[in-house]
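Coordinate-derived values only; no laboratory data. Just so you know, these numbers come straight off a predicted model, no measurement behind them. A quick note on method: Cβ atoms are made from the backbone with ideal geometry, for glycine too, and the neighbour counts reach across all protein chains shown.
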Amino acid sequence: MKCLTGIIVLMIFLISCDKEETAPTPEKKKGYWTAEDKIRTKTPNARPVIVLDAGHGGIDPGGLSNHDSVELNVREKDLTLRMSELVYQKLDKKRFNVIRIRKNDTDWHRHMRTRYVEPAHPDLLVTLHTNWDRDSNTNGFEFAYSSRILNYVDSNRNKPLGDTMNIKNPFAEKLTKYCQTLSYNTKRAFPGMRNRGIKERKDRIWMLYGVYYPSLLVEFGFVTGKNDIFLYQKDSDSLNIFANVLAKSITGFFPKVDSFYMPPLGMVPALK
């Protein structure tokens with residue numbers, strides 16, 4: 001009997017020795033989180049969170065026009081702030097939680113901007129800009145998104161941990177459709193404007209690249225364009241029309257979901 005017990009113990013020992021040992025999983029460093037982690041663990045918002053980012057501001061004027069007529073000259077930071085305010089007014093606050101990163105002429109660093117809205121777990125960020133060029137014959141609108149996004153981020157400071165760790169943008173297909181809709185609707189509203197198309201940007205624009213949610217770039221015309229500059233004047237309704245296009249298009253990106261039906265008190269069926 002003792003001999004049999006010894007044989008059994010020996011067999012168990014030999015079997016356990018044959019098993020390959022698995023390397024222990026290293027613990028994630030505290031404060032470090034990846035975009036893939038954030039996308040995977042994102043919980044749905046009761047109301048979609050829309051972030052409006054008015055480009056530039058404060059000491060950063062953005063693009064500056066250089067028109068012969070000084071009265072026509074404009075600054076990009078003023079135009080983007082105006083667009084942000086108009087779109088904010090037109091979006092339905094009952095359907096959306098709308099966050100404006102810049103509400104006045106302040107200078108926000110790009111890392112501060114994304115860190116500010118991150119706790120709200122945005123569903124879409126729209127960064128508003130106008131374009132510029134040395135050639136005044138260059139005019140038109142365009143929309144863009146990043147082909148890749150940064151994967152490793154220090155969530156305590158919202159700064160990248162090495163700029164080589166990036167992944168293909170998982171929202172690329174969705175953003176392409178968004179941009180196509182915006183492009184089509186803008187052309188209908190402004191048939192005389194040049195459509196410069198949709199850009200899949202490979203350069204690392206932080207507001208497109210350093211986020212873990214869908215983010216698109218709006219370039220409404222050129223402040224240096226000899227044609228587009230007239231769209232920005234106080235006697236023009238163009239910014240208001242374009243804000244309508246943006247608000248309606250954004251609304252269309254998020255199908256309306258009816259609230260759950262709750263029967264009146266006393267009519268709830270009893271479980272059997």
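Observations on the model:
- FRET efficiency for the pair ASP237 and ARG47, taken as 1/(1 + (r/R0)^6) with r the Cβ-Cβ distance and R0 = 35 Å, rounds to 0.75.
- Taking amide H as placed 1.01 Å from N in the peptide plane, GLY55 has its amide H under 5 Å from the amide H of LEU128, each at least 5 places away in sequence or on another chain.
- As a length-normalised measure over Cα pairs under 8 Å and 6 or more apart, the relative contact order of segment 32-253 settles at 29 percent.
- Theoretical FRET efficiency, 1/(1+(r/R0)^6), r = Cβ-Cβ of LYS202 and PHE253, R0 30 Å, to 0.05: 0.80
- Hydrodynamic estimate: the Kirkwood radius of segment 32-253 over Cα pairs, inserted into Stokes-Einstein at 25 °C and 0.890 mPa s, corresponds to D of 138 µm²/s.
- Here r is the Cβ-Cβ distance between MET112 and ASN137 and R0 is 45 Å; the resulting FRET efficiency, rounded to 0.05, is 0.80.
- Which of TYR178, TYR116 has the fewest Cβ neighbours within 10 Å, and the rest in rising order: TYR116, TYR178
- Cα-projected label distance for ASP105 with LEU72, points at 7 Å along beta-carbon direction, nm: 2.3 nm
- Checked against a 18 Å cut-off, the cross-linked pairs LYS94/LYS248; LYS177/LYS199; LYS90/LYS248; LYS42/LYS202; LYS38/LYS177; LYS93/LYS248 give Cα-Cα distances beyond that limit for LYS42/LYS202; LYS38/LYS177.
- When each of PHE143, PHE220, PHE96, PHE230 is scored by the number of other beta-carbon atoms lying within 10 Å, the sequence from fewest to most is PHE230, PHE96, PHE143, PHE220.
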